[in-house]
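The values are calculated or read from the model by the stated rules, or taken from the named source; none is laboratory data. Note that the coordinates shown come from a computational prediction; the quantities given were computed from them, not determined experimentally. We place every Cβ from the backbone using ideal geometry, glycine too, and count neighbours over all the protein chains shown.
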Amino acid sequence: MKSVITTVVAAADAAGRFPSTSDLESVQGSIQRASARLEAAEKLAKNLDAVAQEAYDACIKKYPYLNNPGEANSTDTYKAKCLRDIKHYLRLIQYCLVVGGTGPLDEWGIAGQREVYRSLGLPTAPYVAALSFARNRGCAPRDMSAQALTEYNALLDYAINSLS
């Protein structure tokens, strides 16, 4: 799994050197933000179902045509799968918050996603809308501290950009 630490060590190893001062500063910055990331991961875990449902509802409100017969959200099975996918992205974001890197998203959420969605004929814009809603709905201090929200939003932005 990719984290800031494994990325720094792997890059230094590939270059045949020890980690540099700037490499170590990067690791130190990640460690200093760890408590904020863990706070965000904990808050997301407690509210994952509600956040996913709200994001799903916002997505369907923005793209109501998806409920039309033959579209990506036209049956109860498709609706359940769409909500499941949103939860999957949110769980991967939670994992990223814990490890302090984008490894879980890169390995389990982004690799091959465009090909999968294209082959299944699924639009990515609704997922972008759902994750954007989750990002925009967060509020400090109501939901979490400002630093925790920053960490959470950065990973949502990363996922959104990968789907765009």
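A few remarks follow.
- Among residues of region 30-57 that are touching a residue at least 40 places away in the same chain (Cβ under 8 Å), those with a beta-carbon under 7 Å from a residue that is among the acidic types (D, E) and in a helix (DSSP H, G or I) at least six positions away or on a different chain give the pairs R33/E151; A36/E151; R37/E151; A40/E151.
- Of all residues assigned to region 85-94, none qualifies as being in contact with a Lys or Arg (Cβ under 9 Å, 6 or more places away or on another chain) and within 18 Å of K43 (Cα to Cα).
- Residue-level check: of (1) in a helix (DSSP H, G or I); (2) farther than 26 Å from S3 by Cα, P123 misses just (1).
- Residues located in region 73-111, provided they are in a loop (DSSP other than H, G, I, E, B) and over 25 Å from V8 (Cα atoms): N73, S74, T75
- For D13, the conditions (1) assigned to a helix (DSSP H, G or I); (2) modelled with pLDDT of 90 or more; (3) surrounded by 12 or more Cβ atoms within 10 Å (Cβ to Cβ) are fulfilled apart from (3).
- Within region 16-30, considering residues that are small (G, A, S) and assigned to a helix (DSSP H, G or I), the one surrounded by the fewest Cβ atoms within 10 Å (Cβ to Cβ): S22
- Qualifying residue in region 100-108 (condition: of a type in the set (V, I, T), within 20 Å of K61 (Cα to Cα) and touching a residue at least 24 places away in the same chain (Cβ under 8 Å)): no
- The one condition in (1) outside any helix (DSSP H, G or I); (2) in contact (Cβ under 8 Å) with a residue 12 or more places away in the chain that C139 fails to fulfil: (2)
- Residues (under 17 Å from the mean Cα position of the chain (by Cα), under 20 Å from G70 (Cβ atoms) and either at pLDDT 90 or above or among the hydrophobic types (A, V, I, L, M, F, W, C) (or both)) located in region 106-128: A125, P126, Y127
- Qualifying residue in region 53-60 (condition: loosely packed, with under 15 Cβ neighbours inside 10 Å and under 21 Å from P123 (Cα atoms)): yes
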